[in-house]
Amino acid sequence: MSTLTIVGIGPGSADYFMPAARKKMQNAHTVIAARRILPMLQEVCGESSAQFTPMGKIKDTFVLIDELLNQDKDVALVVSGDPLMYSLYKTICNDEISETWNMEIIPGIGSLQMLGAAFGETMEDAQIVSVHGRKKTPGSVALCVTENPKVFFLCSKEQGPGWLSQIMLDYHLDDVTVYAGANLSYEDQMLVSGTPAEMVQGEYPSLCVAMIKNSNPKQVVRPCFLSDVDFERGKTPMTKEEIRVLILHKMKLHPDDVVWDIGAGTGSISIECARQVPFGEVHSVERDEAAIGLIEKNKEKFGTDHLVVYHGDAAEQVKNLPMPDKVFIGGSGGKLEQIMETIAAFHNHIRVTVSAVTLETIAEANEILGKYDPDYDVIQATVGRGRKIGSYHIMDTNNPVMIFTATV
């Protein structure tokens, strides 16, 4: 049976080329690799009968591999670094064309290992993060560094050691050490380290790796919930504190989440979210001008500078907001469907929580959320508060609230 062998060749220098990788390529019918490394591979393999073919577009390459395997020809697909570390192997597995392929993997020495070796740093206590071709918010990077003694980064041209260092400064992580490496194993290898203030001034190649050491890591503790009396209120309706607790529980916030609060009212949910996501962002949308003023007052009162307030129609405002991780909709102005369409367009498994009091809104939420998540969760909450009448106490009960939660 023909086999596709995914070969990791390490950082690029022939000195780090594994003998097992050389043997597999020598015995393959076709060796596929990036054009720039083909000459080195041909030299390393010596007198091999293998056909060396430059890699084209990923889809075209997969079709070529499929054709060769169906012709009972062994193929070696060569990638730099380690195939198991943010490499092409996962992409292959996620493509249905590979379902019938017989595959083997020869791991290689990755650039993060090279960086750790250069500075004498072990990796068993490290987190590994890729910002190469992946969207990572500054807050998520700062959170990871805050909570871990060591974080290794696969960088990109725009999100390199300088970008990481600026994040450290922005989040007051001044006492960490930033390490950077590029062209590892080559003659023009670059290795440098320093404080964030020192490293932010440097210039770095487009492809490099970095490590940040934090000698005093600590878990981020989320604050307790606020009471109604803590907020600036005015005459704008506000979600009661017991209901806020249930809503926040259903939202399942993470400290670096990007959150939307649609129909924010006084901003009580926005403020609670902002306190729960110190490394994230909260985008608060409200159409009532008086309510906007209250949100701004509460924002100032609680020092939630990462809360951004938008005045206007919710369905229009959300079109310009960044992709969220969590969304709370407390009021949609009758445009829940349009808002949900905008959320669904991100294709990113976003958790949406909707509160509803009126029968009309409950029916609308049931129908619309059901389109996106037939297994959505819904609870009904009713809060009664004791009130004294003479020598007796009675319960004043608020209107029941339906809380829907769906993944879109």
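Under a no-solvent Debye model with one identical scatterer per Cα of region 71-170, what's log10 I(q)/I(0) at q = 0.20 Å⁻¹? For region 71-170, the Cα-only Debye profile gives -1.10.
Each Lys and Arg adds +1 at its Cβ and each Asp and Glu adds -1 at its Cβ; summed about the Cα centre, region 229-290 shows a dipole of about 220 debye.
Solvent-accessible surface (1.4 Å probe) assigned to R385 amounts to roughly 120 Å². Cα-Cα over 25 Å: which of K135/K299; K157/K252; K59/K135; K297/K388; K235/K326? Over 25 Å Cα-Cα: K135/K299; K157/K252; K297/K388; K235/K326. Of all DSSP-defined beta bridges confined to the chain, some 45% are antiparallel rather than parallel.
Rounded to the nearest 500, the 222 nm mean residue ellipticity of the chain from helices alone is -9000 deg cm²/dmol, with -39,500 (n - 2.57) taken per DSSP H run of at least 4 residues. Fully extending the segment from N27 to C93 would add 21.4 nm, taking 0.36 nm per residue of separation and subtracting the current Cα-Cα distance.
Selection among V31, V44, Y16 by position relative to the dipole of region 7-48 gives V31 as farthest towards the positive end (Cβ unit charges, Cα centre). Residue order by solvent-accessible surface for S391, S355 is S391, S355, largest first, with ligands and nucleic acids left out and a 1.4 Å probe.
Heavy atoms of the protein chains alone define the surface here; on that basis the chain has 51 Å² accessible area per residue at 1.4 Å probe size. Post the alpha-carbon centroid distance, region 370-408 to region 94-146, in whole angstrom. Between the Cα centres of region 370-408 and region 94-146 lies a distance of 45 Å. Applying D = kT/(6 pi eta Rh) to region 224-373, where Rh is the Kirkwood radius over alpha-carbon pairs, T corresponds to 37 °C and eta to 0.692 mPa s, the Stokes-Einstein value obtained is 216 µm²/s. In a fully extended conformation the segment linking A344 and Q219 would gain 41.7 nm over its present Cα-Cα distance, using 0.36 nm per residue. With Cα atoms as the point set, region 141-277 shows a radius of gyration and Dmax of 20.3, 70 Å.
Between the listed residues A291, A381, V192, the Cα displaced farthest toward the positive end of the dipole of the chain, a dipole computed from Cβ unit charges relative to the Cα centre, is found at A381.
Semi-axis lengths, largest first, of the ellipsoid equivalent to region 9-78 are 20, 14, 10 Å, with √(5λ) applied to each eigenvalue of the Cα gyration tensor.
Using the average count of surrounding beta-carbon atoms within 10 Å as a protection proxy, the listed peptides 299-306, 248-255 rank, highest first, as 248-255, 299-306. Measuring spread by the Cα atoms of the chain yields a radius of gyration and Dmax of 27.3, 102 Å. Using a Gaussian network for the chain with springs between C-alpha atoms less than 10 Å apart, which of these wobbles most: G202, G110, G331? Largest GNM mean-square fluctuation: G202. When the accessible area of the chain is computed with all protein chains present and a 1.4 Å probe, what percentage of it is carbon and sulfur? Carbon and sulfur atoms account for 49 percent of the accessible area of the chain.
Entry for region 285-408 at q = 0.19 Å⁻¹: log10 I(q)/I(0) = -1.12, Debye formula applied to identical alpha-carbon scatterers, no solvent contribution. Gaussian network model of the chain, Cα springs within a sub-10 Å range: biggest mean-square fluctuation belongs to which of K57, K326, K150? Maximum among the listed residues: K57.
The largest accessible area among W260, W163 belongs to the first residue in W163, W260, and the rest follow in falling order (1.4 Å probe, all chains). A straight line joining the Cα centroids of region 212-242 and region 249-313 runs 11 Å.
Beyond 17 Å, what share of the Cα-Cα pairs of region 302-362 is found? Please give it as a whole percent. Result for the distance tail: 44 percent. Of the whole protein surface, E99 contributes about 150 Å² of accessible area at a 1.4 Å probe radius. Placing unit charges on the Cβ atoms only, positive for Lys and Arg and negative for Asp and Glu, gives the chain a dipole magnitude near 540 debye about its Cα centre.
List the relative contact order of the chain as a percent without decimals, with contacts defined as Cα pairs under 8 Å and 6+ residues apart. Once normalised by length, the contact order is 11 percent.
Of the whole protein surface, R233 contributes about 90 Å² of accessible area at a 1.4 Å probe radius. Percentage of Cα-Cα pair distances in region 190-266 greater than 21 Å, rounded to whole percent? Here the tail beyond 21 Å accounts for 57 percent of pairs. Placing L359, L115 in order of accessible area, with the largest value first and a 1.4 Å probe, yields L359, L115.
The values are calculated or read from the model by the stated rules, or taken from the named source; none is laboratory data. What you see is a predicted model; the values in this text were computed from it and never measured. Every residue, glycine as well, gets a Cβ built from its backbone with ideal geometry; the counts of neighbours run over all protein chains shown. Side chains are part of the model used for accessible areas, which takes the heavy atoms of the whole protein and leaves out ligands, DNA and RNA. Shrake-Rupley method; radii C 1.70, N 1.55, O 1.52, S 1.80 Å.
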